[in-house]
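The values are calculated or read from the model by the stated rules, or taken from the named source; none is laboratory data. For clarity, every value in this text was computed on a predicted model and none was experimentally measured. Virtual Cβ from ideal backbone geometry, glycine too; neighbours counted across all protein chains shown.
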Amino acid sequence: MTRLILCADDYGLAPGVSRAIVRLLAAGRLSAASCMSLGPAWPGHAASLRPFADRADIGLHLTLTDHAPLGAMPSLAPEGKLPSVGRLLALSLTGRLERAEIAAELERQLDAFQKELGRPPAFLDGHQHVHQFPVVRDAVIGLWRRRLAGSQAWMRFCVEPWRTTLRRGLDAPKAWLIMALGRALRARALKAGIPGNHRFAGIHDFSGRVPYATLFESFVADAGTGTLLVMCHPGEVDAELTALDPVTSAREEELRFFESPAFPAILARHGLRLERLAA
């Protein structure tokens, strides 16, 4: 048996992204959403999400790149802005991250999430998969153990078979790096008693050269057994998104697909339905 969790990332990034995710949640076409709680507009975005907190897994999208942190980070963000994902990865791989500073910021982001939604997140993951990076992953595991142990909260593990990634043929080096980091996180997390998904899919290059409907079917066609988590990035393009993120038109293509009849048809063809992991 396969349990399919479809998770939309980046809730709170920009108004158009949040609106799109709310529409899909209301239509029953998502089973999870991952939220960025560090932006100044987060309280307003959170208000729109509250009605769905018992209908979907609402999680925390821990963010350590490109945005302003919630508190002072003199080592990682000396000028008040977090580094690019490439810079953060380089610092993490060379042991130049301060775990205590990162742990404090992750605590602040969890506090901001709980303040607005009135409950802990259903899961933890990371914007641009930063929760898997060396040093960061230890801070994330520590956060779960301090704040979420004893709850149903889970963690995203970005792991799929190497051959599946290769067969898809889209940005394989990037996917393999994410999978290698995911395996390291999963080993540590499971040892700490933290549950999570068995399989993962959703990585692509956002180029549009392969229709998203084709991509999505490839994500679920090899589902295997256990829990498959597919991440997605639906959204409406607005000025705020364009200023903050390079992924724009691909989000609108994903939104059109999930609102179309093609989406439930693919699920039916593969005998799948959307489920919550926390349930």
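Here are a few things to note about the model shown:
- Extreme residue, nearest to residue 124 (Cα to Cα), among residues of the range 222-273 that are loosely packed, with under 14 Cβ neighbours inside 10 Å and among the hydrophobic types (A, V, I, L, M, F, W, C): 243
- Residue 26 vs. criteria under 23 Å from residue 157 (Cα atoms) and either touching a Phe, Trp or Tyr at 6+ places or on another chain (Cβ under 7 Å) or at pLDDT 95 or above (or both): no
- One residue from 200, 216, 258 being within 16 Å of the chain's Cα centre (by Cα) and under 24 Å from residue 35 (Cα atoms): 200
- The set of residues in the range 185-194 being of a type in the set (A, V, I, L, M), over 13 Å from residue 143 (Cα atoms) and surrounded by 14 or more Cβ atoms within 10 Å (Cβ to Cβ) consists of 185 alone.
- Taking each residue of the range 85-100 that is free of Cβ contacts under 8 Å to residues at least 60 places away in the same chain and looking for partners that are polar (S, T, N, Q) and exposed (fewer than 15 other Cβ atoms within 10 Å of the Cβ) with beta-carbon atoms closer than 9 Å, six or more apart or interchain, yields 96/75; 97/75; 98/75.
- Subset of the range 52-66 (residues that are of a type in the set (D, E, K, R) and either in contact with a Cys (Cβ under 7 Å, 6 or more places away or on another chain) or not in a loop (DSSP other than H, G, I, E, B) (or both)): 57
- The set of residues in the range 19-67 that are over 30 Å from residue 91 (Cα atoms) and among the aromatic types (Phe, Trp, Tyr) contains only 52.
- Qualifying residue in the range 116-127 (condition: closer than 17 Å to residue 83 by Cα, within 16 Å of the chain's Cα centre (by Cα) and not charged (D, E, K, R)): yes
- Whenever a residue of the range 24-35 is closer than 13 Å to residue 202 by Cβ, its partners that are part of a loop (DSSP other than H, G, I, E, B), lying with C-beta atoms within less than 6 angstrom and at least six residues away or across chains, give the pairs 32/56.
- Segments classed as helices (runs of 4 or more DSSP H), wholly inside the range 67-154, with at least 3 members that are at pLDDT below 95 and touching a Ser or Thr at 6+ places or on another chain (Cβ under 6 Å): none
- For the range 49-74, residues that are among the polar types (S, T, N, Q) and in contact with a His (Cβ under 6 Å, 6 or more places away or on another chain) total 1.
- When residue 245 is tested against (1) at pLDDT 95 or above; (2) over 21 Å from residue 3 (Cα atoms), only condition (1) is not met.
- Qualifying positions in the range 21-47 - crowded, with 19+ Cβ neighbours inside 10 Å and more than 18 Å from residue 127 (Cα to Cα): 22, 24, 25, 29, 30, 31
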